[in-house]
Amino acid sequence: MFQKPVRRIRWVTAVSLLAIGAAATGAVAQSPAPATPDLGGVWEVTMGVRTRPGPGAPEQPSLTPEYAQKLADFKAAQAKGEDEESPQANCVPPGMPGIMNQPYPIELLFTPGKVTIVIEAYSQTRRIFLDGRKHPDDPDLTYNGHSIGHWAGDTLVVDSVGFTPDTALGPGQGYRHSDQMHIVERLRLTDPDTLEVVTTVDDAKALTKPFSGTKVLKRHRDWDIAEYICEQNNRNLATDKGKAGIILNH
């Protein structure tokens, strides 16, 4: 007579019962969530390895007629000896996106639901909210804008709006933007101490199409952010027409 494999049947039954019990209690095993990349610490823009595509100059903005005229007016004023200096000569910070391209270090601080970027240049601070909030419907217009972010795999995606049009668009003081400027930054590690930041700028009023640039930052694990007081012994100045000047201490 054929003998049933009793031991195997019992083993299958036991496994089935365990699976049923686990499902009933919600204790089904799940794969652990991937670890969040460590982007914290002090970073410095690597000069000379800042943009792509290609080794040359970064992509230039394609301006609408209105903003192309603003650039032409700026160049005409420069030809007459005006607009020789930017507001930074009077210690006014450049705002976004320029503040992220300064030859000074920045520090990324991660706390629950938020990333704080401490920028040594002009003692600036940016706050990026990771708690799921949306942009305000009518944000206050500020130099550094309102920023929200999320993780897309190993990339921190930062979306920013709400910029005052008092600041430059980026590649030069003559390039201007409107209050509709929108910036998306994508930050990811290419090795443990190298951070790639791809920045895309869009502006429905000022640009005919978005433009992008890439910069590379290196982590300095033994650095701290220093105090930066631009007004202290500042000898540069610019008049209300951007005329360059200097104040000498006696």
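The values are calculated or read from the model by the stated rules, or taken from the named source; none is laboratory data. Computed from a predicted model, the values in this text were never measured in an experiment. A quick note on method: Cβ atoms are made from the backbone with ideal geometry, for glycine too, and the neighbour counts reach across all protein chains shown. To get the accessible areas, we keep the full protein, side chains included, count just its heavy atoms, and leave off ligands, DNA and RNA. Shrake-Rupley method; radii C 1.70, N 1.55, O 1.52, S 1.80 Å.
Test residue 82 against the stated conditions and say whether it is surrounded by 14 or more Cβ atoms within 10 Å (Cβ to Cβ), touching a Lys or Arg at 6+ places or on another chain (Cβ under 6 Å) and assigned to a loop (DSSP other than H, G, I, E, B).
Spelling it out, residue 82 is indeed surrounded by 14 or more Cβ atoms within 10 Å (Cβ to Cβ), touching a Lys or Arg at 6+ places or on another chain (Cβ under 6 Å) and assigned to a loop (DSSP other than H, G, I, E, B).
Take residue 70 and decide whether it is touching a residue at least 40 places away in the same chain (Cβ under 8 Å) and either part of a loop (DSSP other than H, G, I, E, B) or open to solvent by 60 Å² or more (accessible area, probe 1.4 Å) (or both). So residue 70 fits the description; yes. The selection criterion, being of a type outside the set (S, T, N, Q), assigned by TED's automatic domain parsing to the domain that holds residue 93 and open to solvent by less than 20 Å² (accessible area, probe 1.4 Å), does not hold for residue 170.
Residue-level check: of (1) within 26 Å of residue 47 (Cα to Cα); (2) of a type outside the set (Phe, Trp, Tyr); (3) touching an Asp or Glu at 6+ places or on another chain (Cβ under 8 Å), residue 178 misses just (1).
Which one is farthest from residue 153 (Cα to Cα) among residues in region 218-232 that are in contact with a Phe, Trp or Tyr (Cβ under 8 Å, 6 or more places away or on another chain) and assigned to a loop (DSSP other than H, G, I, E, B)?
So the residue we want is 230.
Of all residues in region 206-241, those satisfying the criterion of being at pLDDT below 90 and open to solvent by less than 100 Å² (accessible area, probe 1.4 Å) are 233, 234, 235, 236, 237, 238, 239.
For region 172-217, what are the residues that are of a type in the set (Val, Ile, Thr) and in a loop (DSSP other than H, G, I, E, B)? Across region 172-217, the qualifying residue is only 208.
Remark: pairs (first residue in region 196-210, farther than 15 Å from residue 179 by Cα; second residue of a type in the set (A, V, I, L, M) and surrounded by 15 or more Cβ atoms within 10 Å (Cβ to Cβ); Cβ separation under 6 Å; 6+ apart in sequence or on different chains) = 196/216; 197/187; 200/184. Residues in region 155-167 that are in contact with a Leu (Cβ under 9 Å, 6 or more places away or on another chain) and in a loop (DSSP other than H, G, I, E, B) were compared, and the one that is most open to solvent (accessible area, probe 1.4 Å) is 166.
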